[in-house]
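The values are calculated or read from the model by the stated rules, or taken from the named source; none is laboratory data. Since the structure is predicted, the reported quantities are computational estimates derived from the model, not experimental observations. Neighbour counts run over all protein chains shown; Cβ positions are idealised from the backbone, glycine included. Surface accessibility is based on the protein's heavy atoms, side chains included, excluding ligands, DNA and RNA. Shrake-Rupley method; radii C 1.70, N 1.55, O 1.52, S 1.80 Å.
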Amino acid sequence: MKRIVPWLVLIVSAAVLVGLYPSFPERWPIHWNAAGQIDGWTDKSTLGAGFPLVMAMGLTIFLELLALLGGKCRNARLPEPWPQRLADANANYILYIATLLNLFFGYLACTLPFGPPPIASIFLLVTGAILYPVYDFMRLSREMHAAGALPKGYQGGIYRDASDPRLWVPKLSGAGWTLNFAHRRSRLILLLLVGLPIAISLLVIRSAAHP
């Protein structure tokens, strides 16, 4: 059921877009630079109006593939049933992100002809993409801790082991790596990983706030 939710959002968005299309102006801005000046326009056409949904469709296909892979990335170091539970959670997080993105792109497609998106919509997208996955993984981590299933150094979504010289360690859930927060260089890496997206988001918000 969860796999079809992003597609249902796209279908509903497309239906709303079709209903609103006759009221769209003949031309509308689609991009603003960092100074808040319009530097991109589109004319009223099927492609121009539906382009955000086309982008959302491409992202959904990509994220569906990631979710499929994420659901198969089982951590062999963990006792049962935790490898499958974490793999399922990882796949669900990706589908959740796909749903949020489709809601945002659907909203964008239906409202951009009438003006830029409000700052609140961008804030809600970023906040929603972070809070729920963090909350759900913390819940799973507490259950794993109570069952004694967490390997040494892992504290839920965080790894901290001063006796481990590695800066990057395998993630507890899914493919990839995470920081060893006991390593002296981890704070600098974390600052770069967090600071760059925040700086980009601030530029986007500034652009949207000054059309």
The summed charge of the residue 149 Cβ neighbourhood (under 15 Å; Lys/Arg +1, Asp/Glu -1) stands at +4
Residues whose built amide H sits under 5 Å from the amide H of residue 30, excluding neighbours closer than 5 in sequence, are 40, 41, 42
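When the Kirkwood radius is taken over all Cα pairs of the stretch 87-168, what Stokes-Einstein diffusion coefficient follows at 10 °C and 1.306 mPa s, in µm²/s?
Numbers: Rh = 15.4 Å.
Stokes-Einstein gives a translational diffusion coefficient of 103 µm²/s.
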The set of residues whose placed amide H lies less than 5 Å from the amide H of residue 178, leaving out same-chain residues fewer than 5 positions away, is 169, 171
Counting sequence-distant residues (5 or more places) and residues on other chains, those with an amide H built under 5 Å from that of residue 159 are 181
Zone reached by a paramagnetic label modelled 7 Å from residue 44 Cα along Cα→Cβ, restricted to the stretch 1-28 with backbone N below 14 Å, covers 18-28
Note: residue 132 to residue 3 extended length (0.36 nm per residue) minus current alpha-carbon separation gives 44.7 nm
With a 1.4 angstrom probe the carbon and sulfur portion of accessible area for the chain, in percent, totals 71
Among [x] -0.72; [y] -0.87; [z] -0.66, the entry matching log10 I(q)/I(0) by the Debye sum over Cα atoms at q = 0.13 Å⁻¹ as calculated here is [y]
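Please give me the summed charge of the neighbours of residue 93: other residues whose Cβ is under 11 Å from its Cβ, Lys and Arg +1, Asp and Glu -1. It would help to have the intermediate numbers written out before the result.
Working: positive: 2; negative: 88, 136.
Local charge sum for residue 93: -1.
Quick check: residue separation of residue 62 and residue 20 times 0.36 nm, minus the Cα distance between them. What number comes out in nm?
The span from residue 62 to residue 20 would gain 12.3 nm if fully extended.
Assuming a ≥ b ≥ c are the square roots of the Cα gyration tensor eigenvalues, decide whether the stretch 1-64 counts as rounded (a/c under 1.5), prolate (otherwise, with a/b larger than b/c) or oblate. Working shown, then result.
Numbers: a/c = 2.98, a/b = 1.53, b/c = 1.95.
Cα axes put the stretch 1-64 in the oblate bin.
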The FRET efficiency for residue 158 and residue 120, from their Cβ-Cβ distance with R0 = 45 Å and rounded to 0.05, is 0.90
Note on the chain: helices (DSSP H) long enough, at least 24 Å by alpha carbon along their axis, and hydrophobic enough, mean Kyte-Doolittle at least 1.0, are 46-70, 186-209
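Which FRET efficiency value, to the nearest 0.05, is calculated for residue 37 and residue 184 with the Förster distance at 30 angstrom and r the Cβ-Cβ distance? Could you put the intermediate results ahead of the total?
Working: r = 44 Å, r/R0 = 1.46.
Efficiency at R0 = 30 Å is approximately 0.10.
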Surrounding charge for residue 29, neighbours by C-beta under 12 angstrom, Lys/Arg +1, Asp/Glu -1, total -1
